[in-house]
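So the structure is just underneath, and the comments pick up after that.
All of the numbers you see were taken from the coordinates with simple rules; none came from a lab. The model shown is predicted, which means the values in this text are computed figures rather than measured ones.
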Amino acid sequence: MQYDAILAETIGIRGHADDEIEAYTARPMDGGSRGGMIVIHHMPGYDAGTKEITRRFATMGYNAVCPNLYTREAPGADPDDAAATARAQGGVPDERFVGDAAGAARWLRSLPTSNGKVGAIGYCSGGRQAVLAGIDVDVQAAVDCYGAFVVGTPPEGFPLQVSPLADRIPELGAPLLGLFGNEDAYPSPDHVDELEKLLQENGKTYEFHRYDDAGHAFFSVDRPAYRVAAAVDGWEKIRDFLARHLGA
């Protein structure tokens, strides 16, 4: 009989400026050596859906950790309240995110079952941050799930106040997987085209998949935006991509 179990728990890790931040981790309990995944939550925050995704990576065979990027804004707060506070402040500063993601990567590599390889995946605002991790953090794979404003700028009044990463694409060091809905506005199909052109011009390793009848947040099983066909295929693409770059 094959042993099948995961350990999921809340922990503290050291992030930007050596701050201790909250994080949620899920890890297989069958021993062996494996890659690690940093799960970057969406703008609505460090919520039940994101924790479910973190556990899913553990069932796929990876050590996974999701740092709570809103720890400093609202320690111990309900995810909705923490997200509202973060939105009111324009989102998570890039420098601070990079420090927190680097701390998550260090924590994953410190585990006795780590094979030394780490990937990052993000959804919504986290998709842009996954690309940023591929630029500024030592990761071997990055997955951008409909990340807005990798290219293009937020419209006036938009709660996320960030700069595009177009001029930093030459610095991207990790292979990139992008999963996008053709009905999305941020990023729009034109934005995806622009990003793909930049990746091609700079000789980057990437693959993009685009889904009809899917808009923003098509992976979110508890939202009306959920699209079964796109999400099922997207998970298969993620599984294959990570197996190639992090080890099965």
**Study point:** Rg ratio (alpha-carbon, reference 2.2 N^0.38 Å) - region 22-159
**Key:** 1.01
Review point. Across region 221-227, in residue order, what do the Karplus-derived ³J(HN,Hα) couplings come to in whole Hz, using 6.51 cos²θ - 1.76 cosθ + 1.60 with θ = phi - 60° and x for Gly and Pro?
Key: 5, 9, 10, x, 6, 4, 10
Revision key, fill the gap. Candidates Ser188, Ser163, Ser125; GNM for the chain (alpha-carbon contacts under 10 Å) flags as most fluctuating Ser163
Revision key, fill the gap. Counting all Cα-Cα pairs in region 122-248, those more than 20 Å apart amount in percent to 40 percent
Exercise for review: For region 177-183, take each phi angle, set θ = phi - 60°, evaluate the Karplus expression 6.51 cos²θ - 1.76 cosθ + 1.60, and give the result in whole Hz per residue in order, putting x for glycine and proline.
Suggested key: 10, x, 10, 9, x, 6, 9
Check your understanding: How about Lys51: which lysines have a C-alpha closer than 29 Å to its C-alpha, ignoring those fewer than 8 places off in the same chain?
Key -> Lys117, Lys237
Review point. So, in Å, what gap is there between the alpha-carbon centers of region 11-48 and region 171-198?
Key: 25 Å
Exercise for review: Divide by every residue of the chain the summed helix terms, -39500 (n - 2.57) for each DSSP H run of at least 4, and state the resulting mean residue ellipticity at 222 nm, rounded to the nearest 500 deg cm²/dmol.
Suggested key: -11000 deg cm²/dmol
Exercise for review: Send over the Kirkwood Rh of region 32-87, from the inverse of the averaged 1/r over different Cα pairs, rounded to one decimal Å.
Suggested key: 11.8 Å
Practice item. Please work out which option in (1) 119; (2) 156; (3) 108 gives volume of the Cα convex hull per residue in Å³ calculated from these coordinates, and answer with its label. Key: (1)
Point to revise | Among beta bridges that DSSP assigns inside the chain, antiparallel share in %, nearest 5 | key: 35 percent
Practice item. For region 33-49, take each phi angle, set θ = phi - 60°, evaluate the Karplus expression 6.51 cos²θ - 1.76 cosθ + 1.60, and give the result in whole Hz per residue in order, putting x for glycine and proline. Key: 10, 8, x, x, 10, 8, 9, 9, 6, 7, 4, x, x, 7, 10, 4, x
Point to revise | Most mobile listed residue (Gly49, Gly90, Gly203) in the chain, GNM with C-alpha springs under 10 Å | key: Gly203
Exercise for review: Quick one: which residues, 5 or more positions from Arg34 or on another chain, have an amide H under 5 Å from its amide H? H modelled 1.01 Å from N in the peptide plane, none for Pro or chain starts.
Suggested key: Ser114, Asn115
Point to revise | D_trans [Stokes-Einstein, Kirkwood Rh over alpha-carbon pairs] for region 87-186, 37 °C, 0.692 mPa s, µm² s⁻¹ | key: 234 µm²/s
